[in-house]
Amino acid sequence: MTDRKAQLAANLARVEDRIAAACAAAGRPRDEVTLIVVTKTYPASDVRFLAELGVTQVAENRDQEAAQKAADCAEAGLTWHFVGQLQTNKARSVVRYADFVHSVDRSRLVSALSDAAVRTGREVGCLVQVALDAPSGSVGSRGGAAPEDVAELADAVAAADGLRIEGVMTVAPLTGRYAGEPRAAFDRMREIASALRETHPAATMVSAGMSSDLEHAVAAGATHVRVGTAVLGVRPGLR
């Protein structure tokens, strides 16, 4: 095993221990929480190592990097998640490789993704990104629809050809009433997710929690945690 693969294996084991402990503390079965490894800025060789180590779900947040990496790792059989803010003119590229888009936050993007999915003959799972600090009718500073706008967007996704409404995604806010309060933020997300399931019972995904706050997300019912730094290390340029 190469030094890098051994390092990734050790990091994955530590993250797995954290998720397992968080599930135990919350009284949840471990298999209720899926780890998505966020591989942005890291090379395709790392993605292949992760696949060899049993990782099945990976995420990217920039289309140009993601498209190339997905092509380079096509043989690995991975499920690809797009988690970054997405411009409508990138929709056609993203639907070629992304199995899930976590960052749906406006109706124009729903239309663009639908058109692209139909053109490419694919069906893409979509999550409505929720900005807990955004006023109604606006988009958050890091993307995301206001909580009051989630239901309408979810209805639009569900009605769109080539798309499935899978659930909701959030990032713990840096501003507003939930700043510095990830557990309270994720508890609010739980409420939003529960309301969504009343009208869209199959929309069971709750994508929340990252390296620094995954325990809070698991405690609040997250089904998917998006972990980058704790698995891959501090990103180049951020050291």
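Of note:
- Of all the criteria given as (1) without any contact (Cβ under 8 Å) to a residue 12 or more places away in the chain; (2) touching a His at 6+ places or on another chain (Cβ under 9 Å), the one not satisfied by Glu191 is (2).
- Conditions (1) part of a helix (DSSP H, G or I); (2) surrounded by fewer than 14 Cβ atoms within 10 Å (Cβ to Cβ); (3) over 19 Å from the mean Cα position of the chain (by Cα); (4) not charged (D, E, K, R): number failed by Asn11: (2)
- Inspection of segment 111-123 identifies no residue that is modelled with pLDDT of 95 or more and closer than 26 Å to Ala179 by Cβ.
- Ala71 falls short on exactly one of the conditions (1) of a type in the set (Gly, Ala, Ser); (2) touching a residue at least 40 places away in the same chain (Cβ under 8 Å); (3) over 27 Å from Arg183 (Cβ atoms), and that condition is (2).
- Qualifying residue in segment 3-19 (condition: closer than 24 Å to Met205 by Cβ, touching a residue at least 60 places away in the same chain (Cβ under 8 Å) and not aliphatic (A, V, I, L, M)): yes
- Tabulated pairs, segment 151-167, first more than 9 Å from Gly125 (Cα to Cα), second open to solvent by 40 Å² or more (accessible area, probe 1.4 Å) and among the small types (Gly, Ala, Ser), C-beta under 7 angstrom, 6+ apart or interchain: Leu153/Ser107; Ala156/Ser107
The values are calculated or read from the model by the stated rules, or taken from the named source; none is laboratory data. A quick note: this is a predicted structure, and the numbers were derived from the prediction, not measured. Every residue, glycine as well, gets a Cβ built from its backbone with ideal geometry; the counts of neighbours run over all protein chains shown. Side chains are part of the model used for accessible areas, which takes the heavy atoms of the whole protein and leaves out ligands, DNA and RNA. Shrake-Rupley method; radii C 1.70, N 1.55, O 1.52, S 1.80 Å.
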